[in-house]
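Structure, as structure tokens:
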Amino acid sequence: MSNRMWGGRFASGPAEIMADINASIDFDKRLATQDIRGSKAHAAMLGQTGILSAEDVEAIVAGLDRVAGEIESGEFAFSRELEDIHMNVESRLRDLIGPAAGRLHTARSRNDQVATDMKLWMRDAIDGIDAQLADLMQALAEKALAHADAVMPGFTHLQSAQPVTFGHHLLAYVEMIRRDRGRFKCARRRLNECPLGSAALAGTSFPIDRHATAEALGFTRPTANSLDAVSDRDFVLETLAACSIAAMHLSRFAEEIVLWTTPQFAFVKLSDAFTTGSSIMPQKRNPDAAELVRGKTGRIFGALQGLLVVLKGLPLAYGKDMQEDKEGAFDAIHTLSLCLAATAGMVRDMEPDRDTMRRWAGAGYATATDLADWLVRVLGLPFRDAHHVTGRIVGLASAKDVGLEELSLAEMQEVEPRITPAVFDVLGVEASVRSRTSHGGTAPDNVAAQARAWLDRLGKESAG
């Protein structure tokens, strides 16, 4: 039996396997809201231009509202024989209102229809992700403000480098997420052109008003080239690229949480809400939420790479290959949303162990740079000479297995006779972080001010 929606050219039905490889309704049914919204805008425009009668438009819009209600209530029966969300909606509309339903498809194609649906869905998804990113920034900034003066080790190469504060470390992720939000906003701005009315690939001979449908659907303008409009999936790629970078940031933070919660670090604690136990080792508290955030990043990367491979060899305009843009994108957005919720939850849940972090902040002679800076600032040594002197003093402390602040003045003066007792003022970790007052530095006053600025900015965003 041929498909009643497009079967005029075909005398018999497709092979059985075609139902499995061709049908997309199993996943594109989540475009139902966007599909009906686009169809209502299209119908209204067809009425405004005189292409459809007012009676047909009224019947179509009322029927689409009824279809939307059935889908929302779970009463709608999706059919794989009808392939996709567009034909499922149109078929049910025909059942409800009769021949007028067939006039809805005037001056459009499934090619421009699906591109429009996908842009509407992606726009909504970006807005949702942006709200979650803002919430994570809020959580990080709040925790940073609470611990603006909590000293901890700063690392390079995962080796002790210089003391920083816990708040400063958290604000680094606020900056990353700020950039993530910028990428999503740019992707949203570029996708906000309406493909509807491009039809299959060449436009249409009907006197449609594409500006009207673009405006009705909240787009900035209609797309300028019908070939590009139906074949473009850059907006999906851009969004997936933004998802991938954001997920990478979450994964880096998750890895730090995994490290910080080990007994060997013991920098932070997570409650039962974000940890699990072991089936054999009763003492274990595993940071599973962080590990899953780290692991799920691969799914998001995979969605981007998969679509790039699909699109790389496609000639213009539409090809059925492009149906593969949806499952990966849907999964990536869902996965990123889960990871954002889990990460925000962990940030609010975690409690830093300030004493442990403080104890390790000076490990590995982390204030050596402060000593070198003091030699430059107070004694006037060129920095390279100060670096050399400091290296010798560190070597002396290492040989004695003591911290820099535990060396005597006489011992340091054996290396550089002009060193005075004032040097001990810069060898403590608290003094070290207080001295980093340059813009963007880790000084607690800086950190507190920056955290408050972010909270103020986020509050204003939320309010208006």
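Sort through L379, L336, L407 and tell me the only one that's open to solvent by less than 20 Å² (accessible area, probe 1.4 Å) and over 30 Å from T297 (Cβ atoms). Step through it out loud before you land on a result.
On the way: L379 fails: open to solvent by less than 20 Å² (accessible area, probe 1.4 Å); L336 fails: over 30 Å from T297 (Cβ atoms).
Step by step, each of L379, L336, L407 is checked, and only L407 is open to solvent by less than 20 Å² (accessible area, probe 1.4 Å) and over 30 Å from T297 (Cβ atoms).
Right, R108: farther than 30 Å from A187 by Cβ, open to solvent by 10 Å² or more (accessible area, probe 1.4 Å) and at pLDDT 95 or above or not? Talk me through it step by step, then tell me what you get.
On the way: farther than 30 Å from A187 by Cβ: no; open to solvent by 10 Å² or more (accessible area, probe 1.4 Å): yes; at pLDDT 95 or above: yes.
Judged against the criteria, R108 is not a match.
Taking the criterion of being modelled with pLDDT of 95 or more, open to solvent by less than 10 Å² (accessible area, probe 1.4 Å) and among the aliphatic types (A, V, I, L, M), would at least one residue in region 65-73 satisfy it?
Of the residues in region 65-73, the ones modelled with pLDDT of 95 or more are 65-73.
Filter again for open to solvent by less than 10 Å² (accessible area, probe 1.4 Å), leaving 67.
Filter once more, so that each one left must be among the aliphatic types (A, V, I, L, M): 67.
There is at least one residue in region 65-73 that is modelled with pLDDT of 95 or more, open to solvent by less than 10 Å² (accessible area, probe 1.4 Å) and among the aliphatic types (A, V, I, L, M).
Which residue out of A341, A329, A303 is assigned by the TED database to the domain that holds F265, in contact with a helix residue (DSSP H, G or I) (Cβ under 8 Å, 6 or more places away or on another chain), open to solvent by 30 Å² or more (accessible area, probe 1.4 Å) and closer than 30 Å to D117 by Cβ? Give the steps one after another, and end with the answer.
On the way: A329 fails: open to solvent by 30 Å² or more (accessible area, probe 1.4 Å); A303 fails: open to solvent by 30 Å² or more (accessible area, probe 1.4 Å).
Being assigned by the TED database to the domain that holds F265, in contact with a helix residue (DSSP H, G or I) (Cβ under 8 Å, 6 or more places away or on another chain), open to solvent by 30 Å² or more (accessible area, probe 1.4 Å) and closer than 30 Å to D117 by Cβ holds for just one of A341, A329, A303, which is A341.
I'm trying to understand the selection: among the residues of region 131-164, which are crowded, with 18+ Cβ neighbours inside 10 Å and of a type in the set (V, I, T)?
V151, V164
Suppose we filter R392, R354 for residues that are closer than 30 Å to A139 by Cα and of a type in the set (K, R); which single one remains?
After ruling out the rest, the residue left standing is R354.
For region 181-189, check the following and say yes or no: at least one residue is open to solvent by less than 60 Å² (accessible area, probe 1.4 Å), of a type in the set (D, E, K, R) and at pLDDT 95 or above. Write out each step before concluding.
Initial filter on region 181-189 (open to solvent by less than 60 Å² (accessible area, probe 1.4 Å)): 181-182, 184, 186-187.
Subset that is of a type in the set (D, E, K, R): 181.
Filter once more, keeping what is at pLDDT 95 or above: 181.
So far as region 181-189 goes, yes, one or more of its residues are open to solvent by less than 60 Å² (accessible area, probe 1.4 Å), of a type in the set (D, E, K, R) and at pLDDT 95 or above.
Identify all residues within region 82-95 that are of a type outside the set (S, T, Y) and in a helix (DSSP H, G or I); write none if there are none. Lay out the reasoning, then the answer.
Kept after step one, since they are of a type outside the set (S, T, Y), are these residues of region 82-95: 82-90, 92-95.
Across region 82-95, the qualifying residues are L82, I85, H86, M87, N88, V89, E90, R92, L93, R94, D95.
Which of (1) at pLDDT 95 or above; (2) over 26 Å from the mean Cα position of the chain (by Cα) does L170 not meet, given it meets every other one?
All conditions pass for L170, except number (2).
Cβ contacts < 8 Å: first residue in a loop (DSSP other than H, G, I, E, B), restricted to region 62-81; second residue among the β-branched types (V, I, T) and open to solvent by less than 40 Å² (accessible area, probe 1.4 Å), any location; separation 6+ or different chain. Result?
F76/V67; F78/I25; S79/I25
Of the residues that make up region 258-268, is at least one within 30 Å of V151 (Cβ to Cβ) and of a type in the set (G, A, S)?
Step one: of region 258-268, the residues within 30 Å of V151 (Cβ to Cβ) are 258-268.
In the following step, the residues that additionally are of a type in the set (G, A, S) were identified as 266.
There is at least one residue in region 258-268 that is within 30 Å of V151 (Cβ to Cβ) and of a type in the set (G, A, S).
On the given criteria, is M137 under 30 Å from K29 (Cβ atoms) and among the hydrophobic types (A, V, I, L, M, F, W, C)? Spell out how you get there, then give the answer.
Values: under 30 Å from K29 (Cβ atoms): no; among the hydrophobic types (A, V, I, L, M, F, W, C): yes.
Taking the combined requirement at face value, the residue does not satisfy it.
The values are calculated or read from the model by the stated rules, or taken from the named source; none is laboratory data. Only a predicted model underlies this, so the values are computations on that prediction, with no experimental measurement involved. For neighbour counting, all protein chains shown are included, and Cβ atoms are generated from backbone atoms with ideal geometry for every residue, glycine included. What goes into the accessible areas is simple: the full protein's heavy atoms, side chains included, and nothing from ligands, DNA or RNA. Shrake-Rupley method; radii C 1.70, N 1.55, O 1.52, S 1.80 Å.
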